[in-house]
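S.K.: I have a structure I would like to understand better, so I am pasting it below and will then ask my questions one at a time.
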Amino acid sequence: TFPFAGPKSITLTVEENGCTSTVFIQNITVQAPLAQPVINCVTTTSSITFSWSPVPGSIGYNVTSSVPGTQPTQTSYEVTGLTPGQSVTLQVEAIGSGICGNSSAQQTCIAQSCPTLSVTPTPVNDICLNASTAPFDLQATVTGGNGSGSLTWSGSGIVDAAAGTFDPSPAAIG
């Protein structure tokens, strides 16, 4: 075995009955097998982006995924439309042009779970329903998550679900 790849010279001599042949020299090149791809992933609640560094000596990659996606670059693969907690397994085969053939690696990643949210509505004082009662916006404090969510209000008297505008008149007494 050879400790490293590269050009090598092999010699052969034959000795018989005290006689030695001429030295035969054979030059060969020892190739190292392709390194396995090292696959990383970045996840959100609805997507996973896999990436790997180029494998030296590789001439391309065959990519197989347990969930269909797209390959925006030669060394990345994206899967979108996932549900929180959904797993995706990706296999990357580095294609070699030498005699050692291809190498491959597999990685399973899981889409992030939904964050735990806590919603605290701001209390509303009792309302006297008369002709001068005007609509107003309801308020709430949300903790947890990354702050990018949106509130959607619903129920009798809500006239703007996104803004949380409440009109007591259509809500009636109760």
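The values are calculated or read from the model by the stated rules, or taken from the named source; none is laboratory data. Since the structure is predicted, the reported quantities are computational estimates derived from the model, not experimental observations. With ideal geometry, Cβ positions are generated from the backbone for all residues, glycine too; neighbour counts draw on all protein chains shown. SASA here: full protein model, heavy atoms, side chains in, ligands and nucleic acids out. Shrake-Rupley method; radii C 1.70, N 1.55, O 1.52, S 1.80 Å.
S.K.: Can you tell me which residue within the range 95-111, out of those that are open to solvent by 70 Å² or more (accessible area, probe 1.4 Å) and modelled with pLDDT under 95, is farthest from residue 37 (Cα to Cα)?
M.R.: 99
S.K.: Here is a further query. State the number of residues belonging to the range 38-60 that are assigned to a loop (DSSP other than H, G, I, E, B), buried (at least 17 other Cβ atoms within 10 Å of the Cβ) and among the small types (Gly, Ala, Ser).
M.R.: 1
S.K.: Let me ask another. Suppose we keep only residues that are in a strand (DSSP E or B) and open to solvent by 70 Å² or more (accessible area, probe 1.4 Å) within the range 112-126. Which one would you say is nearest to residue 143 (Cα to Cα)?
M.R.: The residue in question is 119.
S.K.: Still on this model: Residue check: is residue 22 out of contact with any Asp or Glu (no Cβ under 9 Å at 6 or more places or on another chain), among the hydroxyl-bearing types (Ser, Thr, Tyr), more than 30 Å from residue 78 (Cβ to Cβ) and not in a loop (DSSP other than H, G, I, E, B)? Before you say what the answer is, go through the steps one by one.
M.R.: Numbers: out of contact with any Asp or Glu (no Cβ under 9 Å at 6 or more places or on another chain): yes; among the hydroxyl-bearing types (Ser, Thr, Tyr): yes; more than 30 Å from residue 78 (Cβ to Cβ): yes; not in a loop (DSSP other than H, G, I, E, B): no.
The answer is no for residue 22.
S.K.: Okay, next question. Quick check on my filter: what residues within the range 74-94 are out of contact with any Gly (no Cβ under 6 Å at 6 or more places or on another chain), under 20 Å from residue 38 (Cα atoms) and open to solvent by 20 Å² or more (accessible area, probe 1.4 Å)? Give the steps one after another, and end with the answer.
M.R.: Narrowing the range 74-94 to residues out of contact with any Gly (no Cβ under 6 Å at 6 or more places or on another chain): 74-76, 80-94.
Now restrict to residues that are under 20 Å from residue 38 (Cα atoms): 74-76, 87-94.
Result: 74, 75, 87, 89, 91, 93.
S.K.: Residue 156 - would you say it is among the hydroxyl-bearing types (Ser, Thr, Tyr) and either assigned to a loop (DSSP other than H, G, I, E, B) or under 22 Å from residue 116 (Cα atoms) (or both)?
M.R.: Working: among the hydroxyl-bearing types (Ser, Thr, Tyr): yes; either assigned to a loop (DSSP other than H, G, I, E, B) or under 22 Å from residue 116 (Cα atoms) (or both): yes.
Yes; evaluated as a whole, the condition is true for this residue.
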